[in-house]
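Visitor: After the structure tokens below, expect a handful of questions from me.
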Amino acid sequence: MSAIILRDIYKSWGSFEALSNINLGCEEGKLLVLLGPSGCGKSTTLRLIAGLETPTSGAVEINGKDVSNLPPVKRDISMVFQNYALFPHLTVAENILFGLKARKVSKPERKKRLKNAADILGLEEFLHRKPAQLSGGQRQRVALGRAIVAQVPVCLMDEPLSNLDAKLRQEMRQEIRSLQQRLGMTMVYVTHDQVEAMTIADKIILMNDGGIEQHGTPEDLYNRPATAFTGSFIGNPPMNILKSNPEIVAACGVDMPENFAISDLLIGVRPENIEVSKNSGFEIVVSATEYLGADTLIVGRSNDQSITLTIKGKATIPMGEIIRIGWSSKDTHLFSASTGKRVETTNMGEQS
Amino acid sequence: MKPMLELRYWNHINGWLLVLPAVFMIGLFTHYPIGSTIYHSLFSTGNAVHPSVYTGLENYSLLMEDDIFWKVLKNNMIYSMCTVPLSIAFALGMALLINRNIKGRFLVRMSFFTPTVLPMIAVANIWLFFYTPEYGLFDQVSHFFGGSSHNWLGDPNSALYCLIVMVIWKEAGFFMIFYLAALQQLSPELREAGVVEGAGGWYYFKRVTWPLLMPTTLFITVNAVVNSFKLVDHLVIMTKGGPDNASSLLLYYIYENAFSFWDTSYAATLTVVLVLILAIFTIIQFAVVEKRIHYQ
């Protein structure tokens, strides 16, 4: 059963259309990530679910109930904000219990839930401190604590890790994931970081320009990108999207689909799938190399196109050298040049 | 060792040199006048015939027996205790009202702020008309509803309260600006978190907005208290402290003694009392209240 459903959502401010035709569902107990570049409408979508914005048209359902016209407090949700939204003059304990007091939960019950949340999050020692006396990670935990004590089935997170440094971000995202699984929460999580999305999500919704680009598991998005945008957004370094020409088609050995001229296609290939070969493939001129430790990033040019590939370990290729590259047909993704949509052929891509 | 000592020595000299301009100005214009006032309060007022002589605390014992002094002091207390909390309450109310997206917010904000821009003398003249018996604004409204006319400023029972109403009208707009600035510093994310957590308007105000506004409230309170003792321009225009000192305030009484009755020593004595009152207020506000305030 889907815990959260958005049906035909449109949202506009004046003549600016922020969201159009959003349809999505999040199953109970699953973690759904809304992913996309800034300005794509992912935060607006989350705020619509929370009830902080109202859609211009369309309906929001939470746990089988149409909540489109209900205020946030009646939607049985909790929310973690980007800047944590902790009340600076209240202690950690008061911050965590703020909502329970507002909803007049009894004192013993409040005490029990506070203890439980503090246990889970390791906040026992900090309950009497003010937010200013906490580190970024601890503040994040307090914000999570507020979501936990609410004991509501749905938790919404708006870029919760964007204010933390890289190392802490990795720790916290694992913690959030395990917390979500342990407590069986239904979680909608907004981020612009595709690594975060890939590692944490059950399902990802990739958004672009106020619309949904693709909805699927992290593997779906990585292995079978539905559009050229998805291909280039997911994965690091991003997928190469090349204008097709006979030389490239020959290099990857993919069968050309019918009804498409070669020039109507874009060819997508991930840097990690490209191999350097001695005598086959097509030629590129190396224009830059970046040594990353585990592997080396090589940027080359062929005609007017830039191509990125990675090879294991350290590679020393002087700039200006010509190398030959190729990749297997199963690692090739074809997209229509006019619509950006994926084009299927017989021997392309990983068949699921 | 020697260069170290020299360095410390120069650090001291440097520090003193840096604060010297400020110390000089404050000394000349604040501390010296206070000292001089206290000194003069211990002498009789001299004139061509009787030169000023040292009289010790005689001026102070005169003051204790001065019915008018006690009356203006009581007036001033009533005046402060009405104008300070009420102008703060109105200021906060107005700031909360225009801190949201309402239509014509700009106009409302401007009209709230206008009284502040007007000089006190002009405001006093406007209100003098409002309070005029028979054809003043209030009496005209009262006539319209069949009421009788009232000599607002001429009645000892209403004169002081007439001034209080006017001062609140004048000051609230000014204090509103500070509250508005403070409100706009509050993160909208906090309000949204409050909404999601189920905090209603009043609960949120009580637990979040009001505590976070406390630094502003303290600042405004200090200003309002000081204003209630130092602003007397309107008295000159509207009542001259009358009738029968019913609307006179401490500073106006000092002014009368110094420049109408030319009793400068007694005026100095009254000034010492005024400075003491203000000092006590300030100490209470900063020493006691400030400790309970959360500063971000």
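The values are calculated or read from the model by the stated rules, or taken from the named source; none is laboratory data. Quantities reported herein were computed from a predicted structural model and do not represent experimental measurements. All Cβ positions, even for glycine, are placed from backbone atoms using ideal geometry, and neighbour counts span all protein chains on display.
Visitor: Residues in segment A:19-42 that are surrounded by fewer than 22 Cβ atoms within 10 Å (Cβ to Cβ) and either small (G, A, S) or over 18 Å from the mean Cα position of the chain (by Cα) (or both): how many?
Guide: 7
Visitor: Looking at (1) within 20 Å of A:K30 (Cα to Cα); (2) part of a helix (DSSP H, G or I); (3) away from every other protein chain (no Cβ under 14 Å), which is the only condition A:L144 fails?
Guide: Going through (1) within 20 Å of A:K30 (Cα to Cα); (2) part of a helix (DSSP H, G or I); (3) away from every other protein chain (no Cβ under 14 Å) one by one, A:L144 breaks only (3).
Visitor: Of all the residues that make up segment A:78-87, how many are more than 7 Å from chain B (Cβ to nearest Cβ) and either of a type in the set (A, V, I, L, M, F, W, C) or under 13 Å from A:R47 (Cβ atoms) (or both)?
Guide: Residues that pass the stated criteria total 3.
Visitor: Something else about it: Would you pick out the residues in segment A:88-104 that are assigned to a loop (DSSP other than H, G, I, E, B) and more than 7 Å from chain B (Cβ to nearest Cβ)?
Guide: A:L90, A:T91, A:K104, listed by residue number.
Visitor: Whether any residue in segment A:285-305 is surrounded by fewer than 17 Cβ atoms within 10 Å (Cβ to Cβ) and in contact with a helix residue (DSSP H, G or I) (Cβ under 6 Å, 6 or more places away or on another chain) is what I want to check.
Guide: For segment A:285-305, residues surrounded by fewer than 17 Cβ atoms within 10 Å (Cβ to Cβ) and in contact with a helix residue (DSSP H, G or I) (Cβ under 6 Å, 6 or more places away or on another chain): absent.
To keep it simple, each residue is scored yes or no on (1) at pLDDT below 90; (2) part of a helix (DSSP H, G or I); (3) in the same structural domain as A:S302 (by TED's automatic domain parsing).
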| site | (1), (2), (3) |
| --- | --- |
| A:M198 | no, yes, no |
| A:L206 | no, no, no |
| A:Q214 | no, no, no |
| A:A251 | yes, yes, yes |
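Visitor: Given segment B:138-231, what helices (runs of 4 or more DSSP H) lie entirely inside it while holding 3 or more residues that are within 27 Å of B:K71 (Cβ to Cβ) and within 14 Å of the chain's Cα centre (by Cα)?
Guide: B:159-185, B:210-230
Visitor: Also, quick follow-up: Go through segment A:61-73 and give me each residue that's surrounded by 13 or more Cβ atoms within 10 Å (Cβ to Cβ), farther than 18 Å from A:S43 by Cα and more than 8 Å from chain B (Cβ to nearest Cβ).
Guide: Within segment A:61-73, A:N63, A:V67, A:L70 meet the criteria.
Visitor: For segment A:187-202, check the following and say yes or no: at least one residue is of a type outside the set (V, I, T), closer than 30 Å to A:G326 by Cβ and in contact (Cβ under 8 Å) with a residue 40 or more places away in the chain.
Guide: yes
Visitor: A further question follows. Output the residues belonging to segment A:149-160 that are touching a helix residue (DSSP H, G or I) at 6+ places or on another chain (Cβ under 8 Å) and either touching a residue at least 60 places away in the same chain (Cβ under 8 Å) or part of a strand (DSSP E or B) (or both).
Guide: Passing the criteria: A:A150, A:V154, A:C155, A:L156, A:M157, A:D158, A:E159, A:P160.
Visitor: Scan A:N163, A:N95 and give me the residue that is in contact (Cβ under 8 Å) with a residue 12 or more places away in the chain, under 25 Å from B:H294 (Cα atoms) and surrounded by fewer than 17 Cβ atoms within 10 Å (Cβ to Cβ).
Guide: Exactly one of A:N163, A:N95 is in contact (Cβ under 8 Å) with a residue 12 or more places away in the chain, under 25 Å from B:H294 (Cα atoms) and surrounded by fewer than 17 Cβ atoms within 10 Å (Cβ to Cβ), namely A:N163.
Visitor: Can I ask one more? How many residues does segment B:210-227 contain that are within 11 Å of chain A (Cβ to nearest Cβ) and free of Cβ contacts under 8 Å to residues at least 60 places away in the same chain?
Guide: 1
Visitor: Given B:I88, B:I98, B:I126, B:I102, which one is closer than 24 Å to B:Q185 by Cβ and free of Cβ contacts under 8 Å to residues at least 40 places away in the same chain?
Guide: After applying the criteria, what remains is B:I102.
Visitor: Farther than 27 Å from A:I96 by Cα, at pLDDT below 85 and surrounded by fewer than 17 Cβ atoms within 10 Å (Cβ to Cβ), is that true of B:K240?
Guide: Spelling it out, B:K240 is indeed farther than 27 Å from A:I96 by Cα, at pLDDT below 85 and surrounded by fewer than 17 Cβ atoms within 10 Å (Cβ to Cβ).
Visitor: Picking from A:D209, A:D255, which residue would you name as being among the acidic types (D, E) and at positive phi?
Guide: A:D209
Visitor: I would also like to ask the following. I'd like the full set of residues that are within 13 Å of A:H333 (Cα to Cα), out of contact with any Ser or Thr (no Cβ under 8 Å at 6 or more places or on another chain) and either among the charged types (D, E, K, R) or exposed (fewer than 15 other Cβ atoms within 10 Å of the Cβ) (or both), limited to segment A:244-284.
Guide: Of everything in segment A:244-284, just one residue is within 13 Å of A:H333 (Cα to Cα), out of contact with any Ser or Thr (no Cβ under 8 Å at 6 or more places or on another chain) and either among the charged types (D, E, K, R) or exposed (fewer than 15 other Cβ atoms within 10 Å of the Cβ) (or both), namely A:R270.
Visitor: Within segment A:98-120, how many residues are in contact (Cβ under 8 Å) with a residue 40 or more places away in the chain and either buried (at least 19 other Cβ atoms within 10 Å of the Cβ) or in contact with a strand residue (DSSP E or B) (Cβ under 7 Å, 6 or more places away or on another chain) (or both)?
Guide: Final tally of qualifying residues: 3.
Visitor: Restricting attention to segment A:105-112, does a residue exist that is within 28 Å of the chain's Cα centre (by Cα) and assigned to a loop (DSSP other than H, G, I, E, B)?
Guide: So far as segment A:105-112 goes, no, none of its residues is within 28 Å of the chain's Cα centre (by Cα) and assigned to a loop (DSSP other than H, G, I, E, B).
Visitor: Could you identify the single residue in B:L86, B:L128, B:L92, B:L137 that is surrounded by 15 or more Cβ atoms within 10 Å (Cβ to Cβ), over 24 Å from B:I220 (Cβ atoms) and among the aliphatic types (A, V, I, L, M)?
Guide: The conditions single out B:L128.
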